[in-house]
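Engineer: Here it is, the structure in full.
The values are calculated or read from the model by the stated rules, or taken from the named source; none is laboratory data. Note that the coordinates shown come from a computational prediction; the quantities given were computed from them, not determined experimentally. So basically every Cβ, Gly included, is an ideal-geometry build from the backbone, and we count neighbours across all protein chains shown.
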């Protein structure tokens, strides 16, 4: 089953990412496949023993000085990390695709690049300065403007096609890719730079997540993560208690098969199906019927049956209710079949809107390499039976993978990606 090969297929021809496991694509894949963790003690800000969250997934320092967009003046003015990291992954994704934006094609290159929280750090810093009787930096508002990540990507690349920022909380990256597919299918662009970037390791934001029992940090000596931050993120496990706040950025270059063929671009994966639903229920608690409907919608869009899907890249944030609901939805769709499910957040935490774009890239790499990434820190929960690939990276040929993303506000996006 599935779509026939056609010039109108939506395909991915390049991508790049930065995560707590590194800033170079190849090295990151190797770290993921080796089952390493990028979660550690918080170093972004000072905190005392009473601070509720002490662990996070932090992206290693990037040397931007070698990039085309670097100069000292910009470095002083564009100080929120979402700006330069978005530009970095977008520029490198185009390099990976071997596609250049120029005067002959710029009007047909679109940007759907977004962020769940944007430059919130810049606004918080401005508030602190105002409270101290000081004047905020004149670039505070541009840094804090949510759509500026797309604007800076457009300015950097010269893309002059449609530009907007789909925001869907934790599903933002997937929503950006889905929006790219819609622009291409409607003929409004030939190429789209899609992606997301979030750097939420900010003192007040992390404390706020903790106050709503979202972000978890063990304060009890008998917890297995008390002295080991790498064990805090544990999707599907019986002792899961919340997500790890993380940083990250990812960009994907999306086009049609016909355009890729005309330009001689390598097709790295095919977006075969897209499902999008709204829970229309609770502001944070997931809703089983609409999540299952989102998965089914992606399969229907791809003209596939559940048997055509080889593996799942799960949202799996490590929350008690969220993980259980996702597994129940998979059971409703796939029945008694125990489909393998990888939870990348076990290794890097939850990078908010960027997480779904990062996970899509990892799913594609797994397709191409014939490898399922592991879910680390897994301690089976008898109430949530799942094949979480706990033994380590599993060699497995795959034709198609389902990538799930579910965000606050009931934003659900499911993508089916296939191997070329």
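Engineer: Test residue 260 against the stated conditions and say whether it is in contact (Cβ under 8 Å) with a residue 12 or more places away in the chain and under 17 Å from residue 174 (Cα atoms). Please lay out each step first, then the result.
Structural biologist: Values: in contact (Cβ under 8 Å) with a residue 12 or more places away in the chain: yes; under 17 Å from residue 174 (Cα atoms): no.
No: the conditions fail for residue 260.
Engineer: Here's a follow-up. Does region 119-140 include one or more residues that are touching a residue at least 40 places away in the same chain (Cβ under 8 Å), buried (at least 20 other Cβ atoms within 10 Å of the Cβ) and under 20 Å from residue 16 (Cβ atoms)?
Structural biologist: Checking region 119-140: not a single residue is touching a residue at least 40 places away in the same chain (Cβ under 8 Å), buried (at least 20 other Cβ atoms within 10 Å of the Cβ) and under 20 Å from residue 16 (Cβ atoms).
Engineer: Find the residue count for region 370-388, including only residues that are touching a strand residue (DSSP E or B) at 6+ places or on another chain (Cβ under 9 Å) and either buried (at least 21 other Cβ atoms within 10 Å of the Cβ) or touching a residue at least 60 places away in the same chain (Cβ under 8 Å) (or both).
Structural biologist: Total satisfying the criteria: 13.
Engineer: To continue, here is another question. When you check residue 353 against the structure, is it in contact with a helix residue (DSSP H, G or I) (Cβ under 6 Å, 6 or more places away or on another chain), buried (at least 18 other Cβ atoms within 10 Å of the Cβ) and farther than 26 Å from residue 24 by Cβ, yes or no?
Structural biologist: no
Engineer: Quickly run through region 175-214 and pick out the residues that are at pLDDT 95 or above, part of a loop (DSSP other than H, G, I, E, B) and surrounded by fewer than 17 Cβ atoms within 10 Å (Cβ to Cβ).
Structural biologist: 186, 187, 188 - these are the residues of region 175-214 that are at pLDDT 95 or above, part of a loop (DSSP other than H, G, I, E, B) and surrounded by fewer than 17 Cβ atoms within 10 Å (Cβ to Cβ).
Engineer: Restricting the search to region 16-35, which residues are over 18 Å from residue 268 (Cβ atoms) and either at pLDDT below 95 or in contact with a strand residue (DSSP E or B) (Cβ under 7 Å, 6 or more places away or on another chain) (or both)?
Structural biologist: If the condition is that a residue be over 18 Å from residue 268 (Cβ atoms) and either at pLDDT below 95 or in contact with a strand residue (DSSP E or B) (Cβ under 7 Å, 6 or more places away or on another chain) (or both), then 18, 19, 20, 31 are the ones that fit.
Engineer: What do you reckon, is residue 336 free of Cβ contacts under 8 Å to residues at least 12 places away in the same chain and not assigned by TED's automatic domain parsing to the domain that holds residue 176?
Structural biologist: yes
Engineer: Something else about it: I'm checking my understanding of the structure. Among residues of region 259-274 that are outside any strand (DSSP E or B) and touching a strand residue (DSSP E or B) at 6+ places or on another chain (Cβ under 9 Å), which one is surrounded by the most Cβ atoms within 10 Å (Cβ to Cβ)?
Structural biologist: 260
Engineer: Are there any strands (runs of 3 or more DSSP E) wholly within region 1-91 with 3 or more residues that are buried (at least 23 other Cβ atoms within 10 Å of the Cβ) and within 25 Å of the chain's Cα centre (by Cα), and if so which?
Structural biologist: 10-18, 55-57
Engineer: Only one of (1) more than 24 Å from residue 345 (Cα to Cα); (2) surrounded by fewer than 22 Cβ atoms within 10 Å (Cβ to Cβ); (3) at pLDDT 95 or above is not met by residue 150, so which one is it?
Structural biologist: (2)
Engineer: Checking the conditions here, which among 290, 277, 255 is surrounded by fewer than 20 Cβ atoms within 10 Å (Cβ to Cβ) and either more than 21 Å from the chain's Cα centre (by Cα) or modelled with pLDDT of 95 or more (or both)?
Structural biologist: One residue alone meets the criteria, 290.
Engineer: Of the conditions (1) touching a strand residue (DSSP E or B) at 6+ places or on another chain (Cβ under 6 Å); (2) modelled with pLDDT of 95 or more, residue 98 clears all except one; give me its number.
Structural biologist: Every listed condition holds for residue 98 apart from (1).
Engineer: Do we have residue 261 as modelled with pLDDT of 95 or more and over 17 Å from the mean Cα position of the chain (by Cα) here?
Structural biologist: Yes, satisfied.
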